[in-house]
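Peer 1: First the structure, then my questions, so here it is.
The values are calculated or read from the model by the stated rules, or taken from the named source; none is laboratory data. Keep in mind that this is a model prediction, so the values were computed, not measured. Note that we place each Cβ from the backbone using ideal geometry, even for glycine, and neighbour counts take in every protein chain shown.
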Amino acid sequence: MEKQGCLLKYFQNQALENPSFFYDVQLDSDEQITNIFWADVGMIVDYGLFGDVVSFDTTYKTSEANRPFGVFVGFNHHRETVIFGAALMYDETSDSFTWLFETFLEAMSNKAPKSIFTDQDAAMAKACANVMPNTYHMLCTWHIMNNAIKNASSIFKGDDQVIAFLSTCMKNYEEEDEFLHAWEEMLNTYNAHGNPWLSSIFRLKEKWAKPYVNWAWSAGMHNTQLSESFNASLKSYVKSDYDVVEFFKHFDRLLNDKWYKELEAEYALCYKLPSVAIFTSMVIKAGNTYTKAIFDEFQIQYEKSLDYNLVGCIQDGDDIVFKVAFNGHPKERCVRVKKDNTISCSCRLFEIEGILCRHEIKNPY
């Protein structure tokens, strides 16, 4: 009870210092604290700006009875990790996750993310579907690969082959029928129709296979490694013998260091010129518009566009559709230019990650 009183006092003091500080605790039947969630004003502001895609992970365990520490993280415009909220959990049941996700949304003015990445925890998935039914739930590719090695390597006769096959499913097969054909062919080749893990991961294909996740906004995030990277840095701030209150105080120190790093990136953005490899009006304008991290990604696409050719053009109603192909390659991409000058490509890179693709850059308009 003494630790609980100290913890509540700590949160109350934080709220007194800043009325925008949000925290909530869940109590059991004996009035003991079970789950705790909190988000300060910086987290809430960051979520308002960058919270379309969220990664949630409970890998890190505290020394307080090995309790799971959950963290909601995302990208900012410098492609650096930002924290949207944190939770100290009693357990990892569906009820606990339901309370946590509901509390998270309450803190964020009931604005649900467009997409969320988690591991394959069934209780987490159930709570996510109930609380955020319109959020696209994707699975961490890193966790899938690790589980594949544990459960399917013997069938594929080696870690490399199972990883190679799943990587192809995640990156190369864009059409559903193409993916389904490859999956069936794999089952036949390795006589794997009865493998329970492959059956279970196939049932979840809409959460990880490219033909399905290509229709969800991801901002370039593909897994929960943002959370895992954050957990790794947390270990350098938090010692194993810290109690709950000390844990939160040192967690605040980590947050302050991350915010200082963001200020440094903002300063560099204002006073340092971007590194421009090709001097064209489009590249120079992008360099003056984007942050360094986003500009670097754009410039990669621009450089790749030089190896693409316009191979066709048709009128489709009020739209103009250009066909673009890599030099000497038969596969074509369709770039559609609408009457209002908006543009889209069949590769959907802009719709998925917000980066203009090499095919759209090749558009002559």
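Peer 1: Given (1) at pLDDT 90 or above; (2) among the polar types (S, T, N, Q); (3) buried (at least 16 other Cβ atoms within 10 Å of the Cβ); (4) over 26 Å from Val53 (Cβ atoms), identify the lone condition not met by Gln315.
Peer 2: (3)
Peer 1: Under 8 Å by Cβ, and 6 or more places apart or on different chains, what pairs join a residue from the stretch 194-217 that is under 13 Å from Gln120 (Cα atoms) and free of Cβ contacts under 8 Å to residues at least 12 places away in the same chain with one that is assigned to a loop (DSSP other than H, G, I, E, B) and of a type in the set (S, T, N, Q)?
Peer 2: Pairs that qualify, where the first residue is under 13 Å from Gln120 (Cα atoms) and free of Cβ contacts under 8 Å to residues at least 12 places away in the same chain and the partner is assigned to a loop (DSSP other than H, G, I, E, B) and of a type in the set (S, T, N, Q): there are none.
Peer 1: I've got another one for you. Name every residue in the stretch 88-105 that is of a type in the set (A, V, I, L, M) and farther than 15 Å from Thr118 by Cα, in order of residue number.
Peer 2: If the condition is that a residue be of a type in the set (A, V, I, L, M) and farther than 15 Å from Thr118 by Cα, then Leu88, Met89, Leu105 are the ones that fit.
Peer 1: Something else about it: Identify all residues within the stretch 312-328 that are closer than 15 Å to Pro364 by Cβ and more than 35 Å from the chain's Cα centre (by Cα); write none if there are none.
Peer 2: Those that are closer than 15 Å to Pro364 by Cβ and more than 35 Å from the chain's Cα centre (by Cα): Gly312, Cys313, Ile314, Gln315.
Peer 1: Here are the criteria: (1) of a type outside the set (Gly, Ala, Ser); (2) at pLDDT 90 or above; (3) assigned to a helix (DSSP H, G or I); (4) under 17 Å from the mean Cα position of the chain (by Cα). Tell me which single one Val45 does not satisfy.
Peer 2: Only one criterion is unmet by Val45, namely (4).
Peer 1: Next up: Name the single residue that is nearest to the chain's Cα centre (by Cα) among those in the stretch 104-128 being under 16 Å from Val213 (Cβ atoms) and surrounded by fewer than 18 Cβ atoms within 10 Å (Cβ to Cβ).
Peer 2: Lys114
Let's see how each residue does on (1) under 18 Å from Glu106 (Cα atoms); (2) surrounded by 20 or more Cβ atoms within 10 Å (Cβ to Cβ); (3) modelled with pLDDT of 90 or more:
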| residue | (1), (2), (3) |
| --- | --- |
| Met1 | no, no, no |
| Gln4 | no, no, no |
| Leu7 | no, yes, no |
| Asn13 | no, no, no |
| Glu17 | no, no, no |
| Phe37 | yes, yes, yes |
| Leu49 | yes, no, yes |
| Val54 | yes, yes, yes |
